[in-house]
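**Q** The following block contains the structure, expressed as structure tokens.
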Amino acid sequence: MMRFAVAIGSVCLLAACSHPSEAPPSADITKIAQVKSDFGPGYKVKETAKTGIDPKVLSTHKLPPGLTFDPPDCASFVVGEDMPAGLQGNMAAVAAEGDGGRFITMAVQTSEPVPFKEPGRNCKKVAFQGGRVRGLIEVVDVPQIDGTQTLGVHRVLQTVVQGKPRSGELYNYSAHFGDYQVIVTVNPIMVQGQPAKPVDTKQARDLLVKSVAAIRS
């Protein structure tokens with residue numbers, strides 16, 4: 001069964017609000033299903049219908065205690081920001097596996113806008129380590145979409161499990177406008193004894209643009 005979570009962290013960095021406007025933006029998160037047709041016959045595609053979700057579950061990334069960060073004042077970029085008390089939300093999503101990659105595109109609507117916080121100039125690339133865990137999070141190129149604020153993030157995690165080194169990576173692209181967020185994540189599918197196929201980041205960026213257009217249509 002296709003999983004909606006990966007071992008290296010949450011599927012998204014949840015934070016959003018658009019630039020001020022006279023009328024709040026509107027969208028239909030159920031229309032995220034339209035992007036299913038963007039995946040070819042080589043993909044196994046699964047749709048998750050609109051359902052309630054606690055946005056706080058997606059706002060932070062579970063990491064072991066005692067980590068150190070470099071730069072040290074950029075810890076919040078790695079672990080995420082707390083959400084406002086009482087925040088509620090709904091989500092709908094499409095997941096697809098194929099050609100060596102796992103894609104998830106998720107549309108989220110929250111009960112109120114959440115302030116968007118872009119990483120500071122000194123936090124575009126942050127390393128962290130502690131115990132058997134070390135990793136890196138960095139800002140990557142992301143499409144600019146009218147009326148939204150966008151962010152692209154690449155995460156790499158290395159650890160030791162039963163004495164053996166394990167590593168993984170995840171790309172996360174998000175667009176935020178008003179009460180809405182669209183989040184696209186992609187990570188390589190690991191096959192034992194085989195090298196991971198490079199992540200198709202262009203496909204993920206294009207999927208972000210198409211997903212925003214879909215729920216706005």
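The values are calculated or read from the model by the stated rules, or taken from the named source; none is laboratory data. If you're wondering where the values come from, they're calculated on a predicted model, not measured in any experiment. Counting neighbours? That spans all protein chains shown, and the Cβs are built from the backbone with ideal geometry, glycine included.
**Q** Can you find even one residue in segment 57-69 that is among the hydroxyl-bearing types (Ser, Thr, Tyr), farther than 27 Å from Phe128 by Cα and modelled with pLDDT of 90 or more?
**A** For segment 57-69, residues among the hydroxyl-bearing types (Ser, Thr, Tyr), farther than 27 Å from Phe128 by Cα and modelled with pLDDT of 90 or more: absent.
**Q** If only one of Lys210, Lys202 is in contact with a helix residue (DSSP H, G or I) (Cβ under 8 Å, 6 or more places away or on another chain) and at negative phi, which one is it?
**A** One residue alone meets the criteria, Lys210.
**Q** Name the one entry in Gly101, Gly152, Gly147 that is of a type in the set (Gly, Ala, Ser), at pLDDT 90 or above and farther than 21 Å from Val199 by Cα.
**A** That would be Gly147, the only listed residue that is of a type in the set (Gly, Ala, Ser), at pLDDT 90 or above and farther than 21 Å from Val199 by Cα.
**Q** List the pairs whose first member sits in segment 150-176 and is under 18 Å from Ile189 (Cβ atoms) and without any contact (Cβ under 8 Å) to a residue 40 or more places away in the chain, whose second member is crowded, with 18+ Cβ neighbours inside 10 Å and hydroxyl-bearing (Ser, Thr, Tyr), and whose Cβ atoms are under 9 Å apart, counting only residues at least 6 apart or on separate chains?
**A** Going by the 9 Å Cβ cut-off, the qualifying pairs are His154/Tyr171; Tyr171/Thr185.
**Q** Right, something else. What's the number of the only condition in (1) in contact with a Gly (Cβ under 6 Å, 6 or more places away or on another chain); (2) not in a strand (DSSP E or B) that Val108 fails to meet?
**A** Every listed condition holds for Val108 apart from (2).
**Q** Here's a check for you: in segment 78-125, which residue that is farther than 21 Å from Val184 by Cα and of a type in the set (A, V, I, L, M, F, W, C) is surrounded by the most Cβ atoms within 10 Å (Cβ to Cβ)?
**A** Among residues in segment 78-125 that are farther than 21 Å from Val184 by Cα and of a type in the set (A, V, I, L, M, F, W, C), the one surrounded by the most Cβ atoms within 10 Å (Cβ to Cβ) is Cys123.
**Q** Let me ask another. Which number in (1) aliphatic (A, V, I, L, M); (2) modelled with pLDDT of 90 or more; (3) exposed (fewer than 12 other Cβ atoms within 10 Å of the Cβ) marks the one condition that Ala23 misses?
**A** Condition (2) is where Ala23 drops out.
**Q** Of Lys124, Lys210, Lys117, Lys164, which residue is under 26 Å from Lys46 (Cβ atoms) and basic (Lys, Arg)?
**A** Exactly one residue qualifies, and that residue is Lys210.
**Q** Just a yes or no: is a residue in segment 51-65 of a type in the set (Val, Ile, Thr) and surrounded by fewer than 17 Cβ atoms within 10 Å (Cβ to Cβ)?
**A** Looking through segment 51-65, at least one residue is of a type in the set (Val, Ile, Thr) and surrounded by fewer than 17 Cβ atoms within 10 Å (Cβ to Cβ).
**Q** Output the residues belonging to segment 150-168 that are over 14 Å from the mean Cα position of the chain (by Cα) and surrounded by 13 or more Cβ atoms within 10 Å (Cβ to Cβ).
**A** Leu157, Gln158, Thr159, Arg166, Ser167, Gly168 - these are the residues of segment 150-168 that are over 14 Å from the mean Cα position of the chain (by Cα) and surrounded by 13 or more Cβ atoms within 10 Å (Cβ to Cβ).
**Q** Pick out the one residue from Asp146, Asp73 that is surrounded by fewer than 20 Cβ atoms within 10 Å (Cβ to Cβ), closer than 21 Å to Val35 by Cβ and not β-branched (Val, Ile, Thr).
**A** Asp146
**Q** What's the number of the only condition in (1) modelled with pLDDT of 95 or more; (2) in contact with a Lys or Arg (Cβ under 8 Å, 6 or more places away or on another chain); (3) exposed (fewer than 15 other Cβ atoms within 10 Å of the Cβ) that Glu138 fails to meet?
**A** Glu138 satisfies all of (1) modelled with pLDDT of 95 or more; (2) in contact with a Lys or Arg (Cβ under 8 Å, 6 or more places away or on another chain); (3) exposed (fewer than 15 other Cβ atoms within 10 Å of the Cβ) except (3).
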